[in-house]
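*Asks:* Please find one structure pasted underneath; my questions will follow.
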């Protein structure tokens, strides 16, 4: 694998306080979780920074879960990477969220400009993989399934290039 350009190479004097803290977290812990609060008709979201560099995993984007819950899921994924875990695309995963399945889907190139902005800054561009983790409603249904609770419809925008259904494994 070619050397990945990152903000770790930048001098501390070129970084603001947030950037210095982010770099320090990645140096110390291997990754950092970032949470963005919900805004005007936009759901909040959390994502990883450093997974690709330190664990050779795609970065992970999660919409609308509380920051502490998303952080716990991200930490669990990072820990599992030490045993060779790689999130599967388009396959139900049952061992990350207690009592619920989830799926992973690649995000579209256009989504890099709106969501994992600190990851894009850290990697000095968009040359890193990122997957969206999609969770179920309280009945265990996914947004593409009949009967999905409409109350959660806008909580997880589909930011994949071709739509989630196109990525489901048959």
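*Asks:* Quick one: in the range 131-162, which of the residues that are within 12 Å of residue 107 (Cα to Cα) and modelled with pLDDT under 95 is surrounded by the fewest Cβ atoms within 10 Å (Cβ to Cβ)?
*Replies:* 162
*Asks:* Quick one: what pairs do we get from the range 86-114, first residue at positive phi, second at pLDDT below 95, C-beta under 6 Å, 6+ apart or different chains?
*Replies:* 90/167; 90/168; 90/169
*Asks:* Take the residues of the range 15-36 that are loosely packed, with under 13 Cβ neighbours inside 10 Å and in contact with a helix residue (DSSP H, G or I) (Cβ under 9 Å, 6 or more places away or on another chain): which is nearest to residue 116 (Cα to Cα)?
*Replies:* Only one residue fits best here, namely 18.
*Asks:* Restricting attention to the range 80-101, and to residues there that are in contact with a helix residue (DSSP H, G or I) (Cβ under 8 Å, 6 or more places away or on another chain) and assigned to a strand (DSSP E or B), which single residue is surrounded by the most Cβ atoms within 10 Å (Cβ to Cβ)?
*Replies:* Ranking the candidates gives 96 first.
*Asks:* Could you list, in sequence order, all residues of the range 33-52 that are under 17 Å from residue 129 (Cα atoms) and either in a helix (DSSP H, G or I) or without any contact (Cβ under 8 Å) to a residue 40 or more places away in the chain (or both)?
*Replies:* Of everything in the range 33-52, those that are under 17 Å from residue 129 (Cα atoms) and either in a helix (DSSP H, G or I) or without any contact (Cβ under 8 Å) to a residue 40 or more places away in the chain (or both) turn out to be 46, 51, 52.
*Asks:* Working only within the range 37-66, note down all residues that are under 16 Å from residue 156 (Cβ atoms), over 11 Å from the mean Cα position of the chain (by Cα) and buried (at least 16 other Cβ atoms within 10 Å of the Cβ).
*Replies:* Of everything in the range 37-66, those that are under 16 Å from residue 156 (Cβ atoms), over 11 Å from the mean Cα position of the chain (by Cα) and buried (at least 16 other Cβ atoms within 10 Å of the Cβ) turn out to be 43, 44, 64, 65.
*Asks:* For residue 115, state whether it is in contact with a helix residue (DSSP H, G or I) (Cβ under 6 Å, 6 or more places away or on another chain), under 30 Å from residue 19 (Cβ atoms), modelled with pLDDT of 95 or more and crowded, with 16+ Cβ neighbours inside 10 Å.
*Replies:* Taking the combined requirement at face value, the residue does not satisfy it.
The values are calculated or read from the model by the stated rules, or taken from the named source; none is laboratory data. A quick note: this is a predicted structure, and the numbers were derived from the prediction, not measured. Note that each Cβ is placed from the backbone with ideal geometry, even for glycine, and that neighbours are counted across all protein chains shown.
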